[in-house]
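Structure record follows, encoded as structure tokens.
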Amino acid sequence: MVRLRARDGHELDAYLARPAAGVRGGVVIAQEMYGINAYLRSVCDFYAAHGYLAIAPALYDRRQRGLIYDYTKDDHDRAQHTYKAWDLDAALDDLDAGRSAVGEAGKVALVGFCWGGSLAWLAACRRTFACTVAYYGSMMPDYAGEQSRCPVIAHIGDKDTTLPPDRIKHFCAAQPSVPVYIYPGAQHGFDNENRTARHDPAAHRLARERTLTFLAQHIG
């Protein structure tokens, strides 16, 4: 864990994973609504193993340092209440602090999951990243009218109840140049190996392969 400082002076923790050998670029990981848990750390470790300096800022530190929700029904409801009331620009400021921290690596991408998937789209439109990747960002259709400043791709399962077909169609119609990959049979959270009921190994592998190809194209 390392300490970051956002532009407004707020200090927050972040999990940092360094590549064992040469660095190809930087990747900021935007958290699910559950916080910087073992899954988010494993995502950082995955990208570090592929040569990227990866960092996951603890966005919830603005409310409570070290706040993590469990994958239970009660904590799911608490997490939804927390992130839906969040100041999105403050979250983007904290992700920017992560981008600055790994800027030494060269170009920096952002990969976000769940709440972080929505933030990945907003970061592409409002901040400065080389590219962003949005996994099942349920709020993306609400901001479909904004314009991206960098390349973006999105991964969504066709069984994702937070992104029903009409919502996906709305986003795609507004953003025809954004590749939106749909994974048959996959649910919301399909990338997360720690959620066995939702994890889809085939979708997980394919989405990560597509993401690595995308990162290689845009940051190295």
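Results, tabulated for the structure shown:
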read-out: Paramagnetic reach from R18 in segment 29-59 [backbone N under 15 Å; point 7 Å along Cα→Cβ]; value: 45, 48-49, 51-55
read-out: Two-site FRET efficiency, R3 against E146, from Cβ-Cβ distance with R₀ of 35 Å, rounded to 0.05; value: 0.65
read-out: Among P176, P19, P184, residue whose mean-square fluctuation peaks in a GNM of the chain (springs only between Cα atoms under 10 Å); value: P176
read-out: Sites excluded, GluC sites (Glu not before Pro) in DSSP loops with at most 16 other C-beta within 10 Å, longest stretch of the chain; value: 1-145
read-out: Estimated FRET transfer efficiency (R63, T128; beta-carbon r; R0 30 Å; 0.05); value: 0.70
read-out: Which label in [x] 11.7; [y] 10.8; [z] 14.7 gives the computed mean projected area of the Cα convex hull in nm²; value: [y]
read-out: Residue exposure sequence - W86, W121 - by fewest surrounding Cβ within 10 Å; value: W86, W121
read-out: Y181-A216 FRET efficiency (beta carbon distance; Förster radius 22 Å; 0.05 resolution); value: 0.85
read-out: Value of [θ]222 nm, deg cm²/dmol, for the chain, DSSP H segments ≥ 4, -39500 (n - 2.57) each, nearest 500; value: -11000 deg cm²/dmol
read-out: Exposure proxy ranking, count of Cβ atoms within 10 Å, fewest first, for V133, V180, V108; value: V180, V108, V133
read-out: Share, in percent, of DSSP beta bridges within the chain that are antiparallel, nearest 5; value: 25 percent
read-out: 26 Å Cα cut-off, lysine pairs counted over the chain (separation 8 or more, or different chains); value: 5
read-out: Loop-located trypsin sites (Lys or Arg not before Pro) in segment 122-220 whose Cβ has at most 12 other Cβ within 10 Å (DSSP); value: none
read-out: Fluctuation leader among A85, A203, A54 - the chain, Gaussian network, Cα springs under 10 angstrom; value: A85
read-out: Relative contact order (%) - criterion: Cα under 8 Å, at least six apart; region: the chain; value: 17 percent
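Every read-out reported here was derived from the displayed coordinates using simple, explicitly stated rules and does not represent laboratory data. Predicted model only: the values in this text are computed from it and were never measured. Don't worry about glycine lacking a Cβ; one is built from the backbone with ideal geometry, like all the others, and counts go over all protein chains shown.
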